[in-house]
Amino acid sequence: MLGEQIIKGMAVTARNFFGSYFSKNRLTTVQYPEERLPQKGNTRQFPFLVYDGDDAEKGLRCVACQICEKECPPKCIYIVKSKDKKPDYKGQPQIYPLTFDIDISVCMSCQICVEVCPFESIKMNTEFELSTADRFGDLLLTKEKLAKPNSYYQKIHPADAAESDAVIAAEKAKAEAKAKAAAEAKVKADAEAKAKAAAAAAAAPIAPPPANPPTTT
Amino acid sequence: MTPLQVCLLVSAFLFAIGFAGAVTRRHAILVLIGIELMLNAANLNFIAFWRYGAHPEALTGIIFVLFSMALAGAEAAVGLALVIAIYRHKKTSNLDEVKELKG
Amino acid sequence: MTLALIITALVTVLAAATVMSLRNLVHCALAMAVAFSGVAALYLQLNAEFVGFAEILVYVGAIAILIVFAILLTRSGETPEKSVLTSGWLAGVAVSAMVFTLLGWAVLTSSALPKEIAIAPAAPVKNIGDALMSKFVLPLEIVGLVLTAAMIGAVIIALKEDKKDNSGGQP
Amino acid sequence: MFDQLDQIFVNALHWLVGFVPEVLRPLVTPLICISFILMVFPAFFSIITIFERKGIGRIQNRYGPNRVGIPFTKIRLAGFGQFLPDGLKMLTKEDIVPRAADKLVHFLAPVVMLIPVLLSYSVLPFGKNMTLADYDAGLLFFFAVGGAVEIAVFMAGWSSRNKYSLLGAMRAIAQMVSYEIPLILSAVSVVMIVGSLKLTDIIAHQNHYTFGIAHWHVFTPWGFIGFVLFFIASLAESNRTPFDLPEAESEIIAGYFTEYSGFKFALFFLGEYLGMFAIIGLGITLFLGGWTAPFSFLAWIPSWIWFFGKLTAIIFVFIWIRATLPRLRMDQLMNFAWKFMLPLALINILVAGIWHYMAADWQRWLVCGALIAGAYVLLGRGLMQNQKLGKRIYRYAE
């Protein structure tokens, strides 16, 4: 009969209406600022820069190689290289970025910068409450705003951070081993050179200078 | 001027303007509007004379106006249907161009 | 009360003049609605409540809408380029001016009009209904018949011509 | 004491008017009443919008607005302060008029929309002795000014110079004209039984009790079906779902007020809701006994509480329907009006006549009930018959 189905539908909506007052699990809405859902493990919003240690200036991993700047599809990264150098985590003197800006109003969160970075320096953040009252200034993240300690990265993406730490540690170990080897080689070379020099001095007073002086690297 | 005279003058003006419109405008719908205005002028006369007349309790003025309204409604419906039919046939509703009775 | 009467009369007259002088047809139809509302207000001032409400219901609620629909269906809502008046418009205006002068002169000078203002007569709906159902029942039935016939006729006239069936004569 | 409470507004009016010199009293009394209506109903409208949003939210298992309370405090009032920012937003928005629009008509349309709606409140009885203008032909007045709304809709749609506006206006007018007929015919059955167009007479006719139950018209067979028809037609008249084709946002953006923004849009919104309240108020007056109590032992509750209670209850049903039913198609809409509601309304008038002339005993109930039920079933079957229900066939897709 006409109207039968309408009454059935009305009953369904009425059940929903009253049910929403009695059973809490009907209401799927989260009351956002007070209640928050836990973020998914793979949450990625916008990039940030990782630094080691406590000092953001000193520990910044970025060496201003500008690969990310070149690879960025919407061109939202802006880097100015420094003139001087500072030692990186391996103790090697490196260029560092004087300016490192990301315009997150342009950024499309593609994560290409993270993938191309050879220094484990740029990573994706999970911060999403970025709305500001200012249209331009506050959406342009500078180096100071971008720099986050490694401990923060370990907190937001533990697995990835562990991976990246392992890479860094391996690099560091490799560098140390190399340095050690180099030091040993140098010691050896020095000794050899000394011996040679002594021998040469003993053998001939006029000796040609060594063609390839051993390098320290 | 008494209120009756005011009403009669308004009615005379409505009639004159309706007549002028019906005679001078080209568009068929405006001619219909002019006829409606003339009908209203007549209705206003009926009501005015009913109000200030000798036998208001007979209600003849009111009854006549009610019938006249019903007929005006019928007239408007048929007239506008004719206008639409003519428009569909001749693609115009300009009365100067619709002179012949043959289609 | 007289002031209200004069204001209503002025509004009605101005709206009616507007109807016939504007170029855009939709504006004409809207001004016509105003004119009919003015006439309804005049009815109300003349103590004819029922007729006043019926006027609004029939003219503003139905006929104005009908006219507006007809204007849109005949695609005449735009302002026309050409002149809107017929060729012999001067004669028409002259005749209507003469009609108005004559009627106005008659109204203003006539001695047949009642001079004293009658006490407001009452027209209760009940009495109107009784009159319609007893004394005027035959005209009422006939009006009903006419309205039905007009409605059916209007529908048939305005019906779209069926392409396949042309034998039924020209509508 | 309850009599005092019942007449509190009437007494307050007399008390207020007492301060005014004798000459001005006929002028001041309506002014106070008008300002009262202008205060109460827009306030009621603002509350109802919150109720509507919260109610629909609950039906869809959401919370609805629940943030804004009293400004500058932590008090949230479960979101009932929302109407204030909503209104402020409407008032402060830019008023955009399309370049091609007919400026004057575009400006006048919302005003023309609101005036008849507000006028229709003048005949509604809100409580005992609480009618602003008790016309002898009050019902006719209501329908007459209700018909003037269509002109405003047309003005809005035509003057915007937008195809969506014009389509929306045409749809709205076609729908309003079609549903006005069952609306008026269902009211005619009440007028036939009562024998008066005066709304206070109609209420007085329902204001007595047998076995403690009121003689509301909805408790009779013809009154029940008349109320159902009136209810459906008033849904359509106030452009509510499932008859909201004129403003079907998925097809024609917002219908006839597509090109309106800011305060003019707010006026349309207000006009639409006030029109809905007015037509529900009329339905209450005609079929649900107006301000009278359903049972004699509840008659001590003040009359205006009954009126507003019934108004709110019916609005809740409107909201409920809005959250339940999908929108009709244009041909379904017209078929429903002309092939189902109009014949049923005509049969209802016949049944009301039979009811009037039969002796008041159980046979009358039987005959009228059987007639109504038979007509309903047959017409409903006729309406459903031509429908091709089944798998939908897409001509171009697939």
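At a glance:
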{"quantity": "Selection status of residue D:186, at pLDDT 90 or above, on the phi < 0 side of the Ramachandran plot and hydroxyl-bearing (Ser, Thr, Tyr)", "calculated": "yes"}
{"quantity": "Test: residue in region C:59-77 that is surrounded by 11 or more Cβ atoms within 10 Å (Cβ to Cβ) and at pLDDT below 75", "calculated": "yes"}
{"quantity": "Residue count, region B:51-70 (criterion: at the interface with another protein chain (Cβ under 7 Å from one of its Cβ atoms) and either among the hydrophobic types (A, V, I, L, M, F, W, C) or surrounded by 17 or more Cβ atoms within 10 Å (Cβ to Cβ) (or both))", "calculated": "11"}
{"quantity": "Residue in region D:152-162 that is touching an Asp or Glu at 6+ places or on another chain (Cβ under 6 Å), more than 9 Å from chain C (Cβ to nearest Cβ) and part of a helix (DSSP H, G or I) present", "calculated": "no"}
{"quantity": "Qualifying residue in region D:160-177 (condition: surrounded by fewer than 20 Cβ atoms within 10 Å (Cβ to Cβ) and under 30 Å from residue D:355 (Cβ atoms))", "calculated": "yes"}
{"quantity": "Single residue of region A:162-187 satisfying the filter (closer than 17 Å to residue A:52 by Cα and without any contact (Cβ under 8 Å) to a residue 24 or more places away in the chain) that is farthest from the chain's Cα centre (by Cα)", "calculated": "A:173"}
{"quantity": "Helices (runs of 4 or more DSSP H) wholly inside region D:299-398 containing at least 1 residues that are β-branched (Val, Ile, Thr)", "calculated": "D:303-324, D:342-357, D:362-385"}
{"quantity": "So residue C:158, is it at pLDDT below 90, surrounded by 12 or more Cβ atoms within 10 Å (Cβ to Cβ) and under 19 Å from residue B:84 (Cα atoms)", "calculated": "yes"}
{"quantity": "Complete set of residues in region B:1-11 that are within 7 Å of chain C (Cβ to nearest Cβ) and surrounded by 24 or more Cβ atoms within 10 Å (Cβ to Cβ)", "calculated": "B:7, B:8, B:10"}
{"quantity": "Residue tally, condition within 18 Å of residue A:142 (Cβ to Cβ) and either touching a His at 6+ places or on another chain (Cβ under 6 Å) or of a type in the set (A, V, I, L, M, F, W, C) (or both), over region A:96-123", "calculated": "8"}
{"quantity": "The lone exception for residue A:26 - which of (1) more than 14 Å from chain D (Cβ to nearest Cβ); (2) free of Cβ contacts under 8 Å to residues at least 24 places away in the same chain; (3) surrounded by 11 or more Cβ atoms within 10 Å (Cβ to Cβ) it fails", "calculated": "(1)"}
{"quantity": "The one condition in (1) modelled with pLDDT of 90 or more; (2) closer than 25 Å to residue C:155 by Cα; (3) hydrophobic (A, V, I, L, M, F, W, C) that residue B:77 fails to fulfil", "calculated": "(1)"}
{"quantity": "Scan of region A:43-73 for residues that are of a type in the set (D, E, K, R) and within 19 Å of residue A:160 (Cα to Cα), ordered by number", "calculated": "A:44, A:52, A:61"}
{"quantity": "Members of region B:14-24 found to be free of Cβ contacts under 8 Å to residues at least 12 places away in the same chain and surrounded by 23 or more Cβ atoms within 10 Å (Cβ to Cβ), listed by number", "calculated": "B:16, B:24"}
{"quantity": "Residue count for region C:116-143, restricted to those that are facing chain B (nearest Cβ under 7 Å) and free of Cβ contacts under 8 Å to residues at least 24 places away in the same chain", "calculated": "8"}
{"quantity": "Qualifying positions in region A:1-59 - of a type in the set (D, E, K, R) and within 18 Å of residue A:156 (Cβ to Cβ)", "calculated": "A:36, A:40, A:44, A:52"}
{"quantity": "Selection within region B:79-90 - crowded, with 18+ Cβ neighbours inside 10 Å and at the interface with chain C (Cβ under 7 Å from one of its Cβ atoms)", "calculated": "B:80, B:81, B:83, B:84, B:85, B:87"}
{"quantity": "Selected residue (only one of D:100, D:12, D:43 is assigned by TED's automatic domain parsing to the domain that holds residue D:263 and either more than 30 Å from residue D:131 (Cβ to Cβ) or part of a helix (DSSP H, G or I) (or both))", "calculated": "D:100"}
{"quantity": "Meets criteria (modelled with pLDDT under 85 and either in contact with a strand residue (DSSP E or B) (Cβ under 7 Å, 6 or more places away or on another chain) or not small (Gly, Ala, Ser) (or both)) for residue D:219", "calculated": "no"}
{"quantity": "Odd one out for residue D:75 among (1) more than 14 Å from chain A (Cβ to nearest Cβ); (2) not in a loop (DSSP other than H, G, I, E, B)", "calculated": "(2)"}
{"quantity": "Residue in region D:20-36 that is outside any helix (DSSP H, G or I), over 30 Å from residue D:159 (Cα atoms) and not aliphatic (A, V, I, L, M) present", "calculated": "yes"}
{"quantity": "Tally, over region B:24-67, of residues that are of a type in the set (Asp, Glu) and over 19 Å from residue B:7 (Cα atoms)", "calculated": "1"}
{"quantity": "Test for residue D:344: is it of a type in the set (A, V, I, L, M) and either free of Cβ contacts under 8 Å to residues at least 60 places away in the same chain or not assigned by TED's automatic domain parsing to the domain that holds residue D:216 (or both)", "calculated": "yes"}
{"quantity": "Close pairs (8 angstrom Cβ cut-off, 6 or more residues apart or separate chains): more than 11 Å from chain B (Cβ to nearest Cβ) in region C:148-171, surrounded by 11 or more Cβ atoms within 10 Å (Cβ to Cβ) and at pLDDT 70 or above anywhere", "calculated": "none"}
{"quantity": "Qualifying positions in region A:1-23 - within 30 Å of residue D:385 (Cα to Cα), more than 9 Å from chain D (Cβ to nearest Cβ) and not hydrophobic (A, V, I, L, M, F, W, C)", "calculated": "A:4, A:5, A:8"}
{"quantity": "Single residue of D:290, D:281 found to be modelled with pLDDT under 85 and touching a Phe, Trp or Tyr at 6+ places or on another chain (Cβ under 8 Å)", "calculated": "D:290"}
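The values are calculated or read from the model by the stated rules, or taken from the named source; none is laboratory data. No experiment lies behind these values; they were computed from the predicted model shown. Here Cβ is always computed from backbone atoms with ideal geometry, including for glycine, and neighbour counts include all displayed protein chains.
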